[in-house]
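The values are calculated or read from the model by the stated rules, or taken from the named source; none is laboratory data. If you're wondering where the values come from, they're calculated on a predicted model, not measured in any experiment. Cβ sites come from the backbone with ideal geometry, for glycine too, and all protein chains shown count toward neighbours. Accessible surface areas use protein heavy atoms only, side chains included; no ligands, DNA or RNA. Shrake-Rupley method; radii C 1.70, N 1.55, O 1.52, S 1.80 Å.
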Amino acid sequence: MAGSNTSGDAGINAFAQSVELALAQAYAQLSNSGKVATPDAVDAMSAFAAHHQEHAAALGTLAGSRATTTPNRRLATMLAARVRNAPDERAALEVALTLENEAASTYLFALGSLEAREALQLSASILPVESQHAVVLAVLLHKAPGETFPVFENQDQAFRPDQFPAPS
Amino acid sequence: MTGRPVRKPVDALTRRRFLQIGGTLSMGAVLAACVGGGSTKRSPDSSGGAGGRRADATILRTLSSVEAVAIVVYTTTLDSGVLTTPAVADLAGVFRSHHREHAALFEGTTRDLGGAPFTDPNPMVMQQVQTSLDGLRDEAAAVSLAFDVETILADTYQSTMGTFADKSFNVAAMSVGGAEARHAAALSQALGVQPVPQAFETTERAVPAGNGV
């Protein structure tokens, strides 16, 4: 039913919201770890964390009664371990790069199931931002173009709700 | 042996290939099943009938037309010799190759839907960029023009969401839209401009489906 929010869409938006909250939490952990010190990297961490909070808020609005204030627990646990295991700034930026690519992949995954135009357009307005975060981080890491610019975005790295269930 | 002609690679870029971009068929059902609601099954004909296929073909013609603009812009820029920084010239070459793949995909899928592929640069967009293209004097101007074009493309893909009769096209379209957004981010960095200034992308510069094609 185009143009309205379906119950399936609400669940998908709630899942995506829980993912965004987990990403914002991971950035907070990266910032607080003291491992990221280069000014450009610090600025990126701060800006991207704020973006993820904004994404979570917008997704929560569309999720309606299924909205959550809790980061996706299993994902948050996995990301916290990645942050903890990153020994230095380069590794910390790699953690951020990976999670941004995973986030972009997750929105592509969601677009395969969303039905309402409003929900489709919201996910489609977030996906490119996650992709652009990945580019900024890849540049900070001096990654080769082949690692940074796929011909097509794909779903291979998506966080999936069967692996990372949304909080109920 | 019958001497049957070998299919060219571009012929393989069919509607099936379009649907395979991003793994639409397998993954969408998984998500719907996990979060509840929606449908986990595709209807026998998800294309919206003949009218839907025609409408989708118009969108795809628009997409191939804007990809053709990008190809022209990068080719002109590369041939002009204004890209003096090797890394920038390399990126331009990579991005042009992406746009060629994108254009071929949309042209092939248009054909599969029974439409006539649009292979020329979109005349309305060309009108917007022609003056800049004719007056390219230095690398900064070329990168700025490329950034404009990538932004138009990214906005155009985003604007198609919710407009396809065949909803499975959403994933394929944004798999390209995300790639264009990456191009734009890299070019804005080369220009010294904030690459991700806001939390949400807009569709302000999108080319409406059917315009110029």
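Overview of results
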{"read-out": "Test result for A:THR148, hydroxyl-bearing (Ser, Thr, Tyr), open to solvent by less than 30 Å² (accessible area, probe 1.4 Å) and more than 12 Å from the chain's Cα centre (by Cα)", "value": "yes"}
{"read-out": "Pair list, Cβ < 6 Å and 6+ apart or interchain, from region B:149-175 residues that are more than 8 Å from chain A (Cβ to nearest Cβ) to residues that are assigned to a loop (DSSP other than H, G, I, E, B) and buried (at least 22 other Cβ atoms within 10 Å of the Cβ)", "value": "B:THR156/B:VAL207; B:ALA173/B:THR160"}
{"read-out": "Helices (runs of 4 or more DSSP H) fully within region A:67-168 counting 1 or more residues that are away from chain B (no Cβ under 11 Å) and of a type outside the set (Lys, Arg)", "value": "A:73-85, A:89-111, A:145-148"}
{"read-out": "Selection status of A:ALA158, in contact (Cβ under 8 Å) with a residue 60 or more places away in the chain and among the small types (Gly, Ala, Ser)", "value": "no"}
{"read-out": "Verdict on B:PRO195 being surrounded by fewer than 24 Cβ atoms within 10 Å (Cβ to Cβ) and facing chain A (nearest Cβ under 7 Å)", "value": "yes"}
{"read-out": "Residue list for region B:179-188, filter: under 15 Å from the mean Cα position of the chain (by Cα) and either in contact (Cβ under 8 Å) with a residue 12 or more places away in the chain or more than 7 Å from chain A (Cβ to nearest Cβ) (or both)", "value": "B:ALA179, B:GLU180, B:ALA181, B:HIS183, B:ALA184"}
{"read-out": "Every pair of residues 6+ apart whose Cβ atoms lie under 6 Å, when the first sits in region A:102-113 and is buried (at least 24 other Cβ atoms within 10 Å of the Cβ) while the second is aromatic (Phe, Trp, Tyr)", "value": "A:THR106/A:PHE159"}
{"read-out": "Every residue from region B:96-138 that is within 14 Å of chain A (Cβ to nearest Cβ) and open to solvent by 20 Å² or more (accessible area, probe 1.4 Å)", "value": "B:ARG96, B:SER97, B:ARG100, B:GLU101"}
{"read-out": "Flag for B:GLU201 being at the interface with chain A (Cβ under 7 Å from one of its Cβ atoms), open to solvent by 10 Å² or more (accessible area, probe 1.4 Å) and more than 16 Å from B:VAL125 (Cα to Cα)", "value": "yes"}
{"read-out": "When residues of region A:26-58 are limited to those that are open to solvent by less than 40 Å² (accessible area, probe 1.4 Å), out of contact with any Leu (no Cβ under 7 Å at 6 or more places or on another chain) and of a type in the set (A, V, I, L, M), the one farthest from the other protein chains (Cβ to nearest Cβ)", "value": "A:LEU30"}
{"read-out": "Counted residues, region B:147-204 - those being touching a Phe, Trp or Tyr at 6+ places or on another chain (Cβ under 8 Å), closer than 23 Å to A:GLU118 by Cβ and basic (Lys, Arg)", "value": "0"}
